[in-house]
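Each remark here refers to the structure printed beneath this line.
The values are calculated or read from the model by the stated rules, or taken from the named source; none is laboratory data. Here the structure is a predicted model, which means the values were calculated and not measured. For neighbour counting, all protein chains shown are included, and Cβ atoms are generated from backbone atoms with ideal geometry for every residue, glycine included. The protein model used for the area step is the full one, side chains on, heavy atoms only, and it has no ligands, DNA or RNA in it. Shrake-Rupley method; radii C 1.70, N 1.55, O 1.52, S 1.80 Å.
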Amino acid sequence: MADTAKPKGGSAKASGSRRRNSRKDTSGIANENPDALLDLYRRMLFIRRFEERTSQAYTQARIGGYCHLNLGEEATVVGLMSALRETDYLYTNYRDHGYAIEKGMDPKRVMAELYGRKDGVAKGWGGSMHMYDTETRMLGGYGIVGGQLPLAAGAALAVSYRETDDVVMCQMGDGTTNIGAWHETLNIAKLWNLPIVFVVVNNFTGMGTTVDMSSAEPDLYKRGSAFRIEGERVDGRDVLAVRDAATRLVERAREEQTPFLLEAWSYRMKGHSVVDPAKYRTQEQKDEARAKENDPVAIFGDQLTKADVLSEEGREEIAASVKERVAEAADFAENSPHPDVSTLFDYTYATPVPNESRRMPADPVFAD
């Protein structure tokens, strides 16, 4: 097991807060292609602005239902997706907007799905938590905690059975590591040597309960050891560190045909969902989560500036370009039609089912 960014702070159990040093080192950047670095920054900033616009649209009642944002996890999202091939499969939990975009979905159609419109990736019937696209092989978006794990293992079994060199990545939050599907899936993944990388995004708070208060083993990358699954932990604020760690494990899963576990820690800038005021956090903890030294977009931008890769003019140009693309996505969603009510039951089952009920809420239980 490897711990490349061990959380520091002896007051974690008492306060539920862990203080960490920001990543200011630019030594690794010197060996990177400048255009590639700027592309990573642009993608991170796009997710940030996309999610901010999503939050705004939610408060304007343009988006309904549950809505969970990737704010504070942009480096993790971009780093993880940089490690996958187009043919690799991805399963995520309900905090899935950034992953959907990074896996190749059109941001306009992602926003339209958030709006519940016909041009959305799931034709407006999936919403925030259920992004899905077989073409890009992003197979959900799951609202049930841990619901994606058995399905991801099934996809990895299919990959193994067909003897292709694809890999499945299964992303989840820290709270998922305490449910039954976690243990069952990791157990069978190792028994059958499936090419899958489990990724735990640890923001230290499973909904409203800290990891230290809910997990007897709070070092989550060690939680695979019971199944003899090798695990690593990485600083989720560092896009290059996440990319390198994820790439290493994905390629090992591809070559060795065996599962791996990666824990990426970062801060959740806001509450669990858009409507969560996070009253379970102290003001100090809220300030820590939103501090510039823990903001992955700010950290990476400052690193690029220090390394003379990103000028102030370049930063402004990228910001303007990103703002325009997000506005285009919002306009596309706003102008997309609502799905026809008659299509409500069209995708309940993959194939026709005898006696399937298509009764609307106002319809009588029994026909006259």
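At 0.36 nm per residue, and after removing the present C-alpha to C-alpha distance, how many nm does the segment from Glu316 to Asp3 gain when stretched out fully?
Length difference between fully extended and current span is 109.1 nm.
For an R0 of 51 angstrom, estimate the FRET efficiency from the Cβ-Cβ distance between Asp287 and Phe366 and round to the nearest 0.05.
0.30
Suppose only helical runs count, i.e. DSSP H with n ≥ 4. What mean residue ellipticity at 222 nm does that imply for the chain under -39500 (n - 2.57) per run, divided by all residues and rounded to the nearest 500 deg cm²/dmol?
Value at 222 nm, helices only, nearest 500: -12000 deg cm²/dmol.
Mind giving me the nanometre distance, one decimal, between the label points for Arg359 and Tyr280, set 7 Å out from Cα along Cα→Cβ?
Simple spin-label model gives 3.8 nm for this pair.
Using alpha-carbon pairs under 8 Å, 6+ residues apart, how would you state the relative contact order of region 51-343 in percent?
Once normalised by length, the contact order is 23 percent.
With the other protein chains left in place, how much accessible area per residue, in square angstrom, belongs to the chain at a 1.4 angstrom probe?
On a per-residue basis, the chain sits at 47 Å².
What does DSSP give for the chain in terms of the percent of beta bridges that are antiparallel, rounded to the nearest 5? All intermediate terms of the calculation are to be shown ahead of the outcome.
Numbers: 3 of 26 bridges.
Rounded to the nearest five, the antiparallel share is 10 percent.
Pairwise over distinct Cα atoms, reciprocal of the mean inverse distance: report the Kirkwood radius of region 51-343 in Å, one decimal place.
Averaging 1/r across every pair of different Cα atoms and inverting gives 19.6 Å.
Could you give the nm distance between label points at Thr343 and Glu135, where each point is 7 Å from its Cα heading toward the beta carbon?
If labels sit at Thr343 and Glu135, their model points lie 1.5 nm apart.
Which loop trypsin sites (Lys or Arg not before Pro) in region 199-237, with loop taken from DSSP, have no more than 16 other Cβ atoms within 10 angstrom of their Cβ?
Hits after loop and neighbour filter: Arg228.
Percent of Cα-Cα pairs more than 22 Å apart in region 43-173, please.
In whole percent, the long-distance tail amounts to 31.
What ranking do 343-353, 180-190 get when scored by the average of other Cβ atoms within 10 Å per residue, highest first?
Going from most to least packed, we get 180-190, 343-353.
Give me the distance in nm between label points sitting 7 Å out from Cα along the Cα-to-Cβ direction at Thr209 and Lys118, one decimal.
4.5 nm
Using only C-alpha positions, report the orientation-averaged shadow area of the convex hull of region 210-357, nm², one decimal.
Hull-based average projected area comes out at 16.3 nm².
I'm a student and want to see the number: the projected area of the Cα convex hull of region 168-250, averaged over all directions, in nm².
It is 5.4 nm².
Just to be sure I follow the rule: in region 51-343, considering lysines 8 or more places apart or on different chains, how many pairs have Cα atoms under 13 Å apart?
Taking region 51-343 as the scope, the lysine pair count is 4.
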